[in-house]
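Asks: To start, I am sharing the structure in question, which I have written as structure tokens.
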Amino acid sequence: MVSKILKNSIIASICVFLISSVAIFSMASAESLPPWIKNTALWYGDGSISETEFLNAIKFLLENKIIILENETEKEIVFEYVEPRVIIPNGNFDVANTGFYIPLNLEVRAGTTVTWVNEDSVPHTIQSQDEKGNIVALFNSAPLLTGETFLHTFDESGVYNYYCSLHPWRVGIITVR
């Protein structure tokens, strides 16, 4: 369910970006988006098509000038690779706080190194668990002080559960495809 929420927020972000900065037949609005563009976004959100298929559809629309990005200047658009990371937000230590890991379920490809960053005011650990909540020796960080990081490379597909051994009510998931 969390991954569906994350996918929907990605789709919403892309749609807002497209609607706000794209001209389709000289007028950009939600009403002017053809149904097949909306359906492609829905299929991605429902998991009927992969992220690669969704991005290829957007690329097709751009390359064939069905969607035209309007630039005030002719600057090249550069997409930067963002290192997959999980943020431990401030207030995460408090059992009553809603400061869960961000994202709660990070989805990555096999071979990806994930970085956890402690932005909380107290130390935290990253401890791997099995699906039943038992500690497993796959990865285990020392206590991370504010600003410190922990890295682990996920070589195999699967679902990896983890928690903070100092604050065991804080759990997270890494899904490797």
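Asks: Quick test of your reading of the structure: His124 fulfils all but one of (1) in contact (Cβ under 8 Å) with a residue 40 or more places away in the chain; (2) out of contact with any Cys (no Cβ under 8 Å at 6 or more places or on another chain). Name the failing condition by number.
Replies: Every listed condition holds for His124 apart from (2).
Asks: For the subset of segment 99-145 comprising residues that are acidic (Asp, Glu) and in a loop (DSSP other than H, G, I, E, B), which member is modelled with the lowest pLDDT? Give the steps one after another, and end with the answer.
Replies: Applying the first criterion (acidic (Asp, Glu)) to segment 99-145 yields 107, 119-120, 130-131.
With the extra rule that they be in a loop (DSSP other than H, G, I, E, B), the set shrinks to 119-120, 130-131.
On the way: Glu119: 92, Asp120: 92, Asp130: 91, Glu131: 86.
Across segment 99-145, the extreme among qualifying residues is Glu131.
Asks: OK, next. Looking only at residues that are of a type in the set (Val, Ile, Thr) and surrounded by 15 or more Cβ atoms within 10 Å (Cβ to Cβ) in segment 114-135, which one is farthest from Asn97 (Cα to Cα)?
Replies: So in segment 114-135, the residues of a type in the set (Val, Ile, Thr) come out as 114-115, 117, 122, 125-126, 135.
Among the residues that remain, those that are also surrounded by 15 or more Cβ atoms within 10 Å (Cβ to Cβ) are: 114, 117, 122, 125-126.
Working: Val114: 25, Val117: 18, Val122: 14, Thr125: 18, Ile126: 19 Å.
Step by step, filter segment 114-135, then rank; the result is Val114.
Asks: Scan segment 163-173 and tell me whether some residue there is free of Cβ contacts under 8 Å to residues at least 40 places away in the same chain, assigned to a strand (DSSP E or B) and surrounded by fewer than 18 Cβ atoms within 10 Å (Cβ to Cβ).
Replies: First, the residues of segment 163-173 that are free of Cβ contacts under 8 Å to residues at least 40 places away in the same chain: 163, 168.
With assigned to a strand (DSSP E or B) added as a condition, the list becomes 163.
Still in the running and surrounded by fewer than 18 Cβ atoms within 10 Å (Cβ to Cβ): none.
No, the conditions are met nowhere in segment 163-173.
The values are calculated or read from the model by the stated rules, or taken from the named source; none is laboratory data. Model, not experiment: these values are computed from the prediction. All Cβ positions, glycine included, derive from the backbone under ideal geometry; neighbour counts span all protein chains shown.
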